[in-house]
Amino acid sequence: MRICVIDGQGGGIGSVIIKRLKEEFGESVEVLALGTNGIATAQMMKARANRGASGENAIVRTVQTADVVIGTLSIVLANSMMGELTPAVAEAVASCPAEKILLPLTQEAVVLAGVVSQPLPHLVEGVVNKLKGLVDKANV
C-alpha cells in the first residue's frame, strides 16, 4: 500500500503522522513524504518516510499513484498554509482516486460544524485506526 502524507510549513504534523504510521505498520506500507517546501519534506524524512519530494509538481504527480492520502483539511483548500498549498495541489488531492484521510485542523477561516476539537495525538490515532481498516481490506 502506498500512503502519501502531505504537509507544509515546518512539516511538524506530517512528521507526527509518519512516525506513528511507521511504529504501527513498519515496512509493510510505503510512506511518501510530500512537502509543499523542502523543510517540510526534510522533517518528514527524518520521521522515517520511505521517500520524499517537494513542491507542486511532485505532489500533483505523486498523489495520482497513491492508495491513501493523509494530511490536514488544508490539503484540499486552495491557497491554504499561507499560500504554500496551491490551487493545483488542492485540486489534484481532491480529485485523485486515493482514499483521503483528513485531520480537521486548519489555520484558515474554515469552521467544521459538529466536529469536536481533539489534541493531535488523538487525531493521529484516528488516522491509524482508519488505515488499519483499509490495510485489512486490501489484504483480503
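Every number in this text was worked out from the coordinates using simple rules, so none of it is lab data. All of these numbers come straight from a predicted model, not from anything done at the bench. Because the Cβ atoms are built from the backbone with ideal geometry, glycine has one as well, and the counts that use them run over all protein chains shown.
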Placing one equal point scatterer on each C-alpha of the chain and summing with Debye, one gets log10 I(q)/I(0) at q = 0.10, 0.14, 0.21 Å⁻¹ equal to -0.28, -0.57, -1.35
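Excluding residue 134 itself, what net charge comes from residues whose Cβ is under 13 Å from its Cβ, given Lys and Arg +1 and Asp and Glu -1? Could you put the intermediate results ahead of the total?
Values: positive: 2, 100, 130, 132, 137; negative: 24, 67, 99, 136.
Around residue 134, the surrounding residues sum to +1.
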If each K or R counts +1 and each D or E counts -1, the residues other than residue 49 whose Cβ falls under 10 Å of its Cβ total +4
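Determine the percent antiparallel among the DSSP beta bridges restricted to the chain, to the nearest 5. It would help to have the intermediate numbers written out before the result.
Details: 1 of 19 bridges.
That works out to approximately 5 percent antiparallel.
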Taking a crude spin-label model, label points 7 Å out from Cα along the C-beta direction, the residue 105 to residue 136 distance in nm is 2.6
Gyration tensor on Cα atoms of the range 81-140, a ≥ b ≥ c root eigenvalues, a/c under 1.5 rounded, else prolate if a/b beats b/c, else oblate, says oblate
Residue 113 and residue 39 label points (each 7 Å along its Cα→Cβ direction) are spaced in nm at 3.7
GNM of the chain, Cα pairs under 10 angstrom: of 59, 39, 17, the biggest fluctuation goes to 39
